[in-house]
Amino acid sequence: MTYTQGAANPRPAYTIFLILVSLFTASGLSGLEISAAAGPIWSSESGPALEARAAVGDEFFGKVFSARYAGEGSALWYFEDATPGTTTTASDGFFGDAFASAELSALTGPVSNLLKLYGNIESPYPTSSVQAAIDSVPLYSAGSGLAFVFNSFDFSVSFEPRLSWQSGENGWTELGAELGASFLAVEFLIKPGVDLAWMKGEDGSESLRVRPGLGFSWYPGFPFSVSADSGLTRTWLPDGTTSDELPFRTSFYAALGTSILVKAAVELGIALPDAEVVSAIGSTEVSFTLGRFGRVGAGDGESTWSGELRLPCHFSWDLDDGWSAGVGLEVAFD
Amino acid sequence: MIITRSRPAQHASAFLTGFIAIPLIGFLCLATPAQAQNPATGMAKKTISAWFSGMEESRKYGSIKNEVELLALNLGFSGLGEPLLVDRLVEGSKKRIPADKLLAALKDETRRLQTIARLLNERGLFPVENADGLAAEASLLFRAGLEEGEFAATLDATAELADLKTPLPKVQRVLTALSTALAINARFPLEAEDRRTLTTALVSSRIPRERFGSMVSLFARAKASGMAQSRICSLVSEYASSGATLERIERELERRIRTP
């Protein structure tokens, strides 16, 4: 084989390609997931709207590594004047966002390193009028993270540094890390940890935040699971003062029969020492499985697909934004 | 492209399977060797002839006594005791099942138990102690929908369990893994191949069998968060067979669920 002058020698690249192929295709397991959903939504702040979203994700497993990418987009069309007795127009407001991520992780061994990159773009939120939305600029956010997880038989310890950024007038850059552990106690996974973050705002202000916390997940052996975590967040502000907050989160998940799935979550932020609730969010979703589609292409060693048609109904309430309720049809393939 | 929609009858069957399998996980995990040796209390002293000559209720089934004794004899050749059939006789008579139907059920039970004993013997897994108790548990799983090939494949997975030296803990692990997979399948119907992969992965995993039941909760959590059950199954199987602990599997599922 001869190479023309100036052309790149393909051998190293070809070798690297072969190594990557052998690493990522060894087990043959991959997982492409596609879903799409649409339906009406109503919120106390913005009135009725139509929501549509779609997501795609794929993953490749090798003997040593797995690689995964995912993308998701959603769009909301608001009908601002859709109060009883008024005319509804479909062009009153639009909100959209798109999210993409890529991850690489080690499958085997006591240490699993995970590199994660992600980015998000949000169109301006139509808070008051169409013109306000047009005048605003989109919000961008991006981040990366690395996870070092040591898994032993009885417990795991993780160290996860991260760097994230968000654009806009209230934008910020955050450099943080979480040191956590996890161990099994009967049916509970106990998760102590401490999170440290340095944040710099677009206005030049800096703050340092530390949050020691404790969480657990309960896996009782029937189709039900509960998680909760809390801690103490102390933030050092630029003027030398500190503020303390007690965050609390809990969520539960359940399957009723073969067709009903329920999840609910509550998040609270309590400012100390006054014990004032500064943030509160509650949400619940009941999803009905309307139909399942069997495997396509099974039996010949070729790719197989299965799918579901679901009817998710959700309700959420936010201390600042009020309530929101919606229902939709979702079709998902994997 | 062929798309088959699951039938309501499958859902009903799945419900019944869950009705049996979910409590069975708890029983299999909690059963101590002492309890397992004697699954029906006081059963060791029960014999077919003693039962038929016992209370008035049992005498109504005198017409099938000889055939039941023959079944017990055949069962004995497989290394299993006749108390296993006495237990079913007691159960059938309490439900006032007609003699001919009870006999048919006992024949089915005998065939199942013989198959179980054969599969265990072929792999050198027939336990010296508590054989009757484990066979009864395995039979219950067969009645809940377990297939012979799935049982055989899961037994084969015990070959990787170097830490377990005797058949008893290996078979206990297999039964708990199978009942876990059946319980998951009852709520989140899986393809037969996926279910088989899951059971063999659980058996060969580092997860203590007492914690296999937590997989049902993990499935519910991931499924309620929007993941497809076949995806959850393949991920759990992949990581469990790679030596992952419950913590690691939870972490892997969690990071695939995007939280807004």
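I'd like the residue in region B:198-217 that is assigned to a helix (DSSP H, G or I) and surrounded by fewer than 22 Cβ atoms within 10 Å (Cβ to Cβ) and, out of all such residues, is farthest from the other protein chains (Cβ to nearest Cβ). Full working, then the answer.
Residues of region B:198-217 assigned to a helix (DSSP H, G or I): B:198-204, B:209-211, B:214-217.
Still in the running and surrounded by fewer than 22 Cβ atoms within 10 Å (Cβ to Cβ): B:204, B:209-211.
Values: B:Ser204: 14, B:Arg209: 12, B:Glu210: 9, B:Arg211: 7 Å.
Among those residues, the one meeting the criterion is B:Ser204.
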Test: A:Glu178 is under 19 Å from the mean Cα position of the chain (by Cα), acidic (Asp, Glu) and within 14 Å of chain B (Cβ to nearest Cβ): yes
Strands (runs of 3 or more DSSP E) within region A:133-226 that include 1 or more residues touching a residue at least 12 places away in the same chain (Cβ under 8 Å) and closer than 30 Å to A:Thr258 by Cα: A:172-185, A:188-201, A:206-218
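Yes or no, residue by residue, for (1) more than 13 Å from the chain's Cα centre (by Cα); (2) over 28 Å from B:Ala131 (Cβ atoms); (3) in a helix (DSSP H, G or I):
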| position | (1), (2), (3) |
| --- | --- |
| B:Ala157 | yes, no, yes |
| B:Gln172 | no, no, yes |
| B:Leu182 | no, no, yes |
| B:Arg195 | yes, no, yes |
| B:Arg248 | yes, yes, yes |
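For region A:235-263, name all the residues that are assigned to a loop (DSSP other than H, G, I, E, B) and charged (D, E, K, R). So that I can check it myself, show each step before the final result.
Taking region A:235-263 as the starting set, the residues that turn out to be assigned to a loop (DSSP other than H, G, I, E, B) are A:237-241, A:257-259.
Across region A:235-263, the qualifying residue is only A:Asp239.
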Entirely in region B:1-108, the helices (runs of 4 or more DSSP H) that have 1 or more residues that are more than 24 Å from B:Leu119 (Cβ to Cβ) and at pLDDT 55 or above: B:8-30, B:48-52, B:56-59, B:65-77, B:83-94
Some residue of region A:232-251 being within 11 Å of chain B (Cβ to nearest Cβ) and in contact with a Pro (Cβ under 6 Å, 6 or more places away or on another chain): no
Enumeration of residues in region A:166-186 that are surrounded by 17 or more Cβ atoms within 10 Å (Cβ to Cβ) and over 22 Å from A:Leu232 (Cβ atoms): A:Gln166, A:Leu184
Restricting region A:186-225 to residues that are within 14 Å of chain B (Cβ to nearest Cβ) and at pLDDT below 90, the residue that is farthest from the chain's Cα centre (by Cα): A:Val186
Exclusive hit being modelled with pLDDT under 90, surrounded by 18 or more Cβ atoms within 10 Å (Cβ to Cβ), over 21 Å from B:Leu235 (Cα atoms) and touching a strand residue (DSSP E or B) at 6+ places or on another chain (Cβ under 8 Å), set A:Phe65, A:Phe79, A:Phe61: A:Phe79
Close pairs (6 angstrom Cβ cut-off, 6 or more residues apart or separate chains): under 30 Å from A:Gly193 (Cα atoms) in region A:247-261, assigned to a strand (DSSP E or B) and of a type in the set (D, E, K, R) anywhere: A:Arg249/A:Asp229; A:Arg249/A:Glu267; A:Tyr253/A:Lys263
Residue selected from region B:221-237 under the condition part of a helix (DSSP H, G or I) and more than 7 Å from chain A (Cβ to nearest Cβ), by the criterion nearest to A:Pro220 (Cα to Cα): B:Ala222
Filter pass, B:Ala186 being within 10 Å of chain A (Cβ to nearest Cβ), crowded, with 22+ Cβ neighbours inside 10 Å, over 30 Å from A:Val157 (Cβ atoms) and under 17 Å from the mean Cα position of the chain (by Cα): yes
Single unsatisfied condition, B:Ala240 versus (1) facing chain A (nearest Cβ under 8 Å); (2) part of a helix (DSSP H, G or I); (3) not aromatic (Phe, Trp, Tyr): (1)
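The values are calculated or read from the model by the stated rules, or taken from the named source; none is laboratory data. Just so it is clear, the model here is predicted, and its values are computed rather than measured. FYI the Cβ positions are ideal-geometry reconstructions off the backbone, even for glycines, and counts take in every protein chain you see.
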